[in-house]
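First comes the structure, then the notes that go with it.
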Amino acid sequence: MSINLNNADKALKDYYLTAISDQLKMGVSPFYARIRQTATDVWGKDVKKVVCIGLNGGISATSEDGTLPTAQSNRYVQLTATLKNLFGTIEITDKALRASASNEGAFVNLLDDAMQRLVKSASFNFSRMLFGDGSGLLGVISSGSGTSYVVSDVQNFEPGMLLDIYNGSGSVHARSISVEGVDFDNDTIVLSTTISSPEGYKLYLHDSKSLELTGLKLLFSKDPIYGISRSSYPALIPYMATCETLTENDIQKAIDRVEMGTGNKINLILCSAGVRRAIYDILSKYRHTESVVLDGGFRAITFNGIPIVADRFCPKGTMYLLNTDDFALHQLCDWQWLEGEDGSILKQVQGKPVFSATLVKYAELMCYNPGGQAMISGITES
């Protein structure tokens, strides 16, 4: 069979789209694998979800001939969030396509390589967004010289990423700057450019400032969320505590506060790798540490039957205690290829001997019960 653009388009539509979608559902992270994906409650470009807060007030105990309780309506609030525009692009050179024109095996390898790189990049950024606040902020430069800089949240960076750099006043300093290297031990990244007096400069994924999914960082704050002021609805504020030397009681107290205060049930604990080591040190001293295999093949230790998962993007010294049933990824549709008017997926990049294809997903992450979650921060890592 002679390989051409039509064959490549057909392969992307009929085979790779399903494979990519499945990998991105189950392979991003244990947290993401547990989040329900749904097209419900999507109205135009927004997600609108009505949730009930608290109890119905029309209950009382009266005397035998006393006055019956006055009926009270449930307290409802509408959560609203705009769908985020998520894209992933692959490129195949004309030379590579022609070189595989008479070799089906080479052609399959060409597409496989492009797809795996796309899945890796999408998985990285999806998992990272789950822990963000929607701003797209990756980290802040604290010091540095030449092309090497000390940054906060170094776990958010990976070689090959393209960044936009904003100065302390919020103006764009540079765009499309690539990350050349990451030193996790020293919280340092190497960029493809130099910055004079870089202290306080903020780093964002290219073209993504204020356009990412609403993640756990915003959820675990007192800032407005989903269009709601939490000063008016304090029930939407999660339980948040600080603890330097972690103990079993600290973990159980957070679980108890959620379960007894809201009736919610914690079913997943997310933490940094250093916090997981600290938990393991605590548990292994007194008991056999049990483990379970989660959806997607992820293995986790447990605390009283609750899986504990370390995630690269969880902030240092932090533990999130969640009920994942309260989360959903609302979307217009699952991943789809952008198609031209003629139905083609691969399109020539203007002025270049290169063809590109773009995956798209319009979605937003929403938690229906922010007050039913918990966080412990400030933990000394092991």
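The values are calculated or read from the model by the stated rules, or taken from the named source; none is laboratory data. Values in this document were obtained by computation on a predicted structure and should not be read as measured data. Here the Cβ is made from the backbone with ideal geometry for all residues, glycine too, and neighbour counts use every protein chain on show.
Among the residues of the stretch 322-337, is there at least one that is among the β-branched types (Val, Ile, Thr) and surrounded by 17 or more Cβ atoms within 10 Å (Cβ to Cβ)?
Restricting attention to the stretch 322-337, the residues satisfying the condition of being among the β-branched types (Val, Ile, Thr) are 324.
Subset that is surrounded by 17 or more Cβ atoms within 10 Å (Cβ to Cβ): 324.
Checked the stretch 322-337: at least one residue is among the β-branched types (Val, Ile, Thr) and surrounded by 17 or more Cβ atoms within 10 Å (Cβ to Cβ).
Does Ala357 fit the bill of being assigned to a strand (DSSP E or B), within 30 Å of Pro234 (Cβ to Cβ) and of a type outside the set (Asp, Glu)? I'd like the intermediate steps shown before the answer.
On the way: assigned to a strand (DSSP E or B): yes; within 30 Å of Pro234 (Cβ to Cβ): no; of a type outside the set (Asp, Glu): yes.
Judged against the criteria, Ala357 is not a match.
Within the stretch 223-255, how many residues are touching a strand residue (DSSP E or B) at 6+ places or on another chain (Cβ under 9 Å) and basic (Lys, Arg)?
Residues flagged as touching a strand residue (DSSP E or B) at 6+ places or on another chain (Cβ under 9 Å) and basic (Lys, Arg) within the stretch 223-255 amount to 1.
Test Ala363 against the stated conditions and say whether it is within 22 Å of Met129 (Cα to Cα), part of a strand (DSSP E or B) and of a type in the set (A, V, I, L, M, F, W, C). Before you say what the answer is, go through the steps one by one.
Working: within 22 Å of Met129 (Cα to Cα): yes; part of a strand (DSSP E or B): yes; of a type in the set (A, V, I, L, M, F, W, C): yes.
So Ala363 fits the description; yes.
Please specify each residue of the stretch 256-293 satisfying the condition of being at pLDDT below 85 and basic (Lys, Arg).
Scanning the stretch 256-293 gives Lys285, Arg287.
Among the residues of the stretch 240-263, are any in contact (Cβ under 8 Å) with a residue 40 or more places away in the chain, under 21 Å from Phe313 (Cα atoms) and under 21 Å from the mean Cα position of the chain (by Cα)?
yes
For residues that are within 28 Å of Asp311 (Cβ to Cβ) and free of Cβ contacts under 8 Å to residues at least 12 places away in the same chain, tally how many sit in the stretch 184-218.
1
Could you list, in sequence order, all residues of the stretch 319-347 that are in a strand (DSSP E or B) and free of Cβ contacts under 8 Å to residues at least 40 places away in the same chain? Steps first, answer last, please.
Within the stretch 319-347, the first condition is being in a strand (DSSP E or B), and the residues that meet it are 319-322, 327-331, 336-337, 347.
Residue satisfying the conditions is Lys347 alone.
Under the condition of being within 30 Å of His330 (Cβ to Cβ) and among the polar types (S, T, N, Q), which residue from the stretch 94-132 is surrounded by the most Cβ atoms within 10 Å (Cβ to Cβ)?
Let us first name the residues in the stretch 94-132 that are within 30 Å of His330 (Cβ to Cβ), namely 114-132.
From the residues that got through so far, the ones that are among the polar types (S, T, N, Q) too are 116, 121, 123, 125, 127.
Values: Gln116: 12, Ser121: 16, Ser123: 16, Asn125: 22, Ser127: 20.
Top of the filtered list is Asn125.
Regarding the stretch 120-142, can at least one residue be identified that is outside the structural domain of Leu83 (by TED's automatic domain parsing) and over 22 Å from the mean Cα position of the chain (by Cα)?
Yes, the stretch 120-142 has at least one match.
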